[in-house]
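Remarks on the structure that follows.
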Amino acid sequence: MTASTVTERITHRWYARPVFFVSDVQAALRFYLDQLGFEKRWHEADGKGTVCQVNRGECEIILCEDAARRDRGRLFVSLTREGLDEFRRELAERSVPTQKAWWGYDVIRIVDPNGNELLFPLPSE
């Protein structure tokens, strides 16, 4: 089977959302909404539940409060050069800590209060 045959066969769209486990969903929401500029899409139990979703553009993340889970997630978010420039300005205005890191290429790394990572690839010069 050639690559073009595979491409021709696939006519559906894949859709995925990561789940980040958090110790306090309300605190996590404050970080994603107030610090990173996400919007709350839904929240179970009329906003009183332990699972919700935040969105920014086409980036969707489910936040799940689960005391038994201590694992962490990592999400790569690709932005246009202009989008990344604007986002970096927002982060600076909100005093959000960031780190320049390497993950096969240069990235901006943001760590949420539970240790989940968002990595934003830097454009190559």
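Using the heavy atoms of the protein chains alone and a 1.4 angstrom probe, what is the accessible area of the chain per residue in square angstrom?
Working: 8410 Å² over 125 residues.
Averaged over the residues of the chain, the accessible area is 67 Å².
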**Item:** Cβ-placed point charges (K, R +1; D, E -1), dipole of the chain about Cα centre in debye, nearest 20
**Value:** 220 debye
**Message:** Rounded to the nearest 5, what % of DSSP beta bridges with both residues in the chain are antiparallel?
**Reply:** 75 percent
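Once the Cβ-Cβ distance between residue 34 and residue 12 is put in as r, and R0 is 35 Å, what FRET efficiency do you end up with, to the nearest 0.05?
The formula returns an efficiency of 0.45 here.
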**Asked** What is the local net charge at residue 75, summed over the other residues whose Cβ is closer than 12 Å to its Cβ (Lys, Arg +1; Asp, Glu -1)?
**Response** +2
**Prompt:** When the accessible area of the chain is split by element with a 1.4 Å probe, what percent falls to carbon and sulfur?
**Reply:** 49 percent
**Message:** List the GluC sites (Glu not before Pro) within region 28-93 that DSSP assigns to loop and that have no more than 14 neighbouring Cβ atoms inside 10 Å.
**Reply:** 44, 58
**Prompt:** Among residues other than residue 15 whose Cβ falls under 15 Å from its Cβ, what is the net charge (Lys/Arg +1, Asp/Glu -1)?
**Reply:** +1
**Message:** Test of understanding: given the chain, find the longest segment containing no chymotrypsin sites (Phe, Trp or Tyr not before Pro) that are in a DSSP loop and have at most 11 other Cβ atoms within 10 Å.
**Reply:** 16-104
**Item:** Rounded, prolate or oblate (a/c below 1.5 giving rounded, otherwise prolate when a/b exceeds b/c) for region 22-89 by Cα gyration tensor
**Value:** prolate
**DSSP-loop trypsin sites (Lys or Arg not before Pro) across region 8-95, with at most 10 other Cβ within 10 angstrom** = 13, 48, 70
**Request:** Label the chain by shape, choosing from rounded, prolate and oblate, from the square roots a ≥ b ≥ c of the eigenvalues of the Cα gyration tensor; if a/c is under 1.5 it is rounded, and otherwise prolate applies when a/b is larger than b/c, oblate when it is not.
**Result:** oblate
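The values are calculated or read from the model by the stated rules, or taken from the named source; none is laboratory data. Not measured: the values here are computed from a predicted model. Don't worry about glycine lacking a Cβ; one is built from the backbone with ideal geometry, like all the others, and counts go over all protein chains shown. The area values use the complete protein model at the heavy-atom level, side chains included, leaving out ligands, DNA and RNA. Shrake-Rupley method; radii C 1.70, N 1.55, O 1.52, S 1.80 Å.
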